[in-house]
Amino acid sequence: MAASISGYTFSSVCYHSANSNSDHEGFLLGDVRQEETVSISDTQISSAELLQVVEIHNHDPCAQLFSFYDYAGKVNEENLNSILKDRRKNVIGWYRFRRNTQQQMSFREQVIHKQLTQLLGVPDLIFLLFSFISTANSSTHALEYVLFRPNRRYNQRITLSIPNLGNTSQQEYKVSSVPNTSVNYAKVIKEHGAEFFDKDGVMKDIRTIYQVYSALQDKVQAVCGEVEQSERVKEKIQEDVNKLKQQIALRKRKTAEEERRLREAQNTDSHSTPEENTEPSESSLLSRIAFHSPSAPQRPSTSPNPPSYADLLSQDDSLLSSSSSPTSAALLPRPQAVGSPGHPTPGPLGMDLGLGLGLGLSLGASSNPVSTPSTPYLGNGDGSSSDSLDRQAAGQEDDEDDDEDDDDEDEDSSEYENLVSETTHLPVVSGSVLAQGRPAALSPDGDARGSQTT
Amino acid sequence: AAVVVVFPASDAVHLESDAFLVCMNHALSTEKEEVMGLCIGEVELSRIVHIHSVIILRRSDKRKDRVEISPEQLSAASTEAERLADTTGRPMRVVGWYHSHPHITVWPSHVDVRTQAMYQMLDQCFVGLIFSCFIEDKNTKTGRVLYTCFQSVHAPKGSEYERVEIPIHVVPREAIGKVCLESAVELPRILCQEEQDTYRKIHNLAHLDPVTKIHNGSVFTKNLCSQMSAVSGPLLQWLEDRLEHNKHSILELQQEKERLLQELEAL
């Protein structure tokens with residue numbers, strides 16, 4: 001079985017996790033299918049194998065913990081549906097990001113997983129566990145990830161690959177032709193090969209594929225512009241929301257203080273002259289007004305959560321911790337900012353994860369060694385940077401052949417330049433400077449080639 | 001020979017989470033070579049280096065472990081920093097560099113440490129970040145991504161340099177900044193330009209027969225297709241998903257704002 005996740009989705013999970021001041025979780029959307037792989041063996045009988053392929057296309061982050069389950073791990077189907085909406089049919093699994101914990105499913109996670117399997121009707125629901133650890137001085141951090149198939153025996157683990165560019169294969173260009181003196185050969189390939197080239201001697205495919213790339217990049221640019229606008233709108237409304245919360249909190253505090261003062265005033269009055277209570281005095285009128293202002297029940301802007309790590313550590317910051325605006329608070333790392341070795345003491349932690357934690361740790365011997373935060377993670381283990389480290393050849397460039405003289409055929413190169421500049425002009429996306437892209441691609445010689453070629 | 005002493009002058013690094021996102025995207029884009037970029041931000045009086053965004057760079061020398069940055073690239077990056085300064089109204093400059101170690105330990109090599117030391121001669125506060133990725137423990141099927149931050153100092157004996165660990169924290173930022181988005185979408189463009197440059201050199205060779213030319217043209221086509229499948233495509237998908245996510249968030253936030261306004265009125 002093979003599983004994959006795109007680098008962008010993976011990074012996005014890391015990004016959302018970095019923004020959370022507690023554990024983070026969400027759903028995995030994607031596709032599971034059987035693929036036939038054809039292998040041709042030496043006996044020349046092709047054998048087809050069925051390979052199960054799990055593709056994680058996207059993730060759906062939960063805004064907070066306990067959004068679809070409670071302390072006991074009981075899943076609330078209604079909440080689940082309101083979170084997933086029509087994406088429900090694409091769910092193939094879920095994920096959790098935890099700091100400084102073991103690489104195995106906790107008891108509660110297992111309980112939740114069983115229910116999700118049933119409710120979502122995905123027999124082989126997968127679970128992706130991200131575990132974050134740091135060195136004591138926070139200079140080095142590691143993000144470990146394991147993909148589980150909990151519904152299989154022994155909680156099977158699958159390798160999760162991140163497809164990427166891999167080998168850019170620039171070495172595959174041929175810098176010289178295989179020597180051949182056959183006149184027939186030269187004649188045939190010239191005559192029939194001509195199909196591939198346009199009148200300028202440029203391969204037609206080059207232009208065609210470049211157009212595909214260019215159109216794609218234009219689209220990327222355009223959607224990027226839209227995303228940028230949406231980020232700014234979101235930021236602004238979040239700011240407004242935060243301000244309102246602050247104002248409300250301030251107003252409530254003031255009201256509470258006033259009430260308290262009035263009550264105190266009343267008490268001293270009532271001790272001395274009990275009759276006065278029956279008359280609506282000025283102070284009691286005020287107090288009645290004060291009492292009338294509905295002490296609105298603390299609206300759970302977030303669903304009833306157990307306190308997150310931030311709340312536990314600094315109660316006063318209850319406003320700031322729920323805010324996400326890049327105010328000065330963003331300049332200081334929160335204690336729970338990714339990379340902090342600080343984590344809650346066992347007490348609050350236990351509260352956060354509920355009963356499960358204790359049980360989870362004792363369940364079964366974990367086969368994977370747990371790295372404690374205090375040891376430098378991985379590498380030589382001793383923090384040395386040595387050349388003896390195993391290095392994969394990153395693909396060395398071929399030394400250019402000697403007979404590849406500086407045949408700077410200007411006509412050829414200028415034709416190519418023309419080719420490129422002809423086919424590229426970015427559409428001007430209204431109101432978005434982004435569409436024009438960067439003025440200069442930062443190429444090694446620093447020239448503004450970007451403006452020419454793009 | 002004069003001995004230039006290199007001081008590490010930074011106490012810690014705060015990396016904004018959207019810049020962190022771009023670094024991760026970049027590092028995970030290829031497992032076959034090291035990628036690199038520059039960090040833009042400011043250094044506070046407290047000697048904390050604050051990284052607001054990163055710029056993806058082209059590597060002129062693709063030999064392994066050659067992650068030097070040319071003066072022209074630094075200069076162009078400074079221009080970008082100025083642009084960011086204009087946008088944010090804060091003084092911005094190039095404050096560090098990052099590169100990836102695919103399949104390799106996260107610790108800087110001797111070359112890395114030396115390169116870092118050179119940058120520190122120009123700017124004491126300059127910091128280096130390394131992202132290690134595509135690591136897998138075959139026994140436990142555990143994948144790993146690591147990142148570290150370092151500066152260089154003179155080793156006690158000899159004129160060699162050694163690394164000094166610098167604490168690094170990723171600072172939450174719920175909204176992705178404009179500069180970070182721009183950096184992210186530069187990657188496909190840079191990859192295409194690299195391919196074009198290589199092809200142009202090949203194309204200039206006069207003595208290639210038609211079959212070889214067709215071959216080379218196909219290599220170009222193939223490579224561009226790889227770039228589109230592996231980078232442009234997933235990037236576009238992520239952008240679309242992000243847009244969708246933001247639209248939902250905006251709706252919810254607007255509803256919350258309404259509720260809060262009403263609540264405030266009532267008080």
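The values are calculated or read from the model by the stated rules, or taken from the named source; none is laboratory data. All figures in this text were calculated on a predicted structure; none of them were measured in a lab. With ideal geometry, Cβ positions are generated from the backbone for all residues, glycine too; neighbour counts draw on all protein chains shown. These area figures cover heavy atoms from the full protein model, side chains too; ligands, DNA and RNA do not enter into them. Shrake-Rupley method; radii C 1.70, N 1.55, O 1.52, S 1.80 Å.
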Exposure ranking of A:Lys187, B:Lys247 by accessible area [1.4 Å probe, largest first]: A:Lys187, B:Lys247
Local net charge near A:Ser82, Cβ-Cβ under 12 Å (Lys/Arg +1, Asp/Glu -1): -1
Net charge dipole size for chain B [Lys, Arg +1 and Asp, Glu -1 on Cβ; Debye, nearest 20]: 920 debye
For A:Arg152, solvent-accessible area (1.4 Å; no DNA, RNA or ligand), Å²: 110 Å²
Per-residue SASA entry for A:Asp23, accessible area with 1.4 Å probe, Å² rounded to 10: 10 Å²
Cα gyration tensor shape of region B:116-267, rounded if a/c is under 1.5, else prolate or oblate by comparing a/b with b/c: oblate
Most to least packed among A:249-261, B:179-191 [average Cβ atoms within 10 Å]: B:179-191, A:249-261
Helix-only [θ]222 nm of chain B, DSSP H runs n ≥ 4, -39500 (n - 2.57) each, per residue, nearest 500: -15500 deg cm²/dmol
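When only C-alpha pairs under 8 Å and at least 6 residues apart count, what is the relative contact order of region A:1-158, in percent?
Normalised by residue count, the contact order of region A:1-158 is 21 percent.
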Share, in percent, of DSSP beta bridges within region B:12-171 that are antiparallel, nearest 5: 65 percent
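Let me check I have the definition right: for region A:158-250, take the eigenvalues of the Cα gyration tensor, multiply each by 5, take square roots. What are those semi-axes in whole Å, largest first? Spell out each step's value before the answer.
Working: eigenvalues 665, 73, 15 Å².
Computed over region A:158-250, the values are 58, 19, 9 Å.
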Cα convex hull of region A:122-199, projected area averaged across orientations, nm²: 14.0 nm²
Cα gyration tensor category, rounded, prolate or oblate, for region A:1-92 with a/c compared to 1.5: prolate
Charge dipole of chain B about the Cα centre (unit charges at C-beta), most positive-ward option of B:Asn25, B:Ala85, B:Leu45: B:Asn25
Accessible area buried between chains A and B, both sides summed, probe 1.4 Å, in Å² to nearest 100: 13700 Å²
Amide H within-cut-off set for B:Leu15, under 5 Å, with H built and near neighbours excluded: B:Ile51, B:His169, B:Val170, B:Val171
Phi to ³J(HN,Hα) by Karplus 6.51 cos²θ - 1.76 cosθ + 1.60 over region A:249-265, Hz, x for Gly, Pro: 4, 4, 4, 5, 4, 4, 4, 4, 5, 4, 4, 4, 4, 5, 4, 4, 4
Positive-pole candidate from B:His215, B:Gln262, B:Thr198, dipole of region B:181-266, charges at beta carbon: B:His215
Charged-residue dipole, Cβ positions (Lys, Arg, Asp, Glu), region B:181-266 about Cα centre, Debye nearest 20: 660 debye
Compactness index (Cα Rg / 2.2 N^0.38 Å), region B:9-109: 1.09
Span-rule helices in chain B, defined as complete DSSP H runs reaching 27 Å or more along the axis (Cα) with Kyte mean at least -1.0: B:178-203, B:233-266
Those residues of region A:237-264 for which accessible area with every protein chain present is at least 40 Å² below the isolated value (1.4 Å probe): A:Ile237, A:Val241, A:Leu244, A:Ile248, A:Arg251
Descending Cα extents along the principal axes, region B:181-266, whole Å: 84, 17, 11
Å² per residue, accessible surface of chain B at 1.4 Å: 35 Å²
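Decide, for chain B, between rounded, prolate and oblate: order the square roots of the alpha carbon gyration tensor eigenvalues as a ≥ b ≥ c, take rounded if a/c falls under 1.5, and otherwise choose prolate if a/b is larger than b/c, else oblate.
It is oblate, given that a/c is not under 1.5 and a/b is not larger than b/c.
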Apportionment of accessible area to carbon and sulfur, chain B, percent (1.4 Å): 54 percent
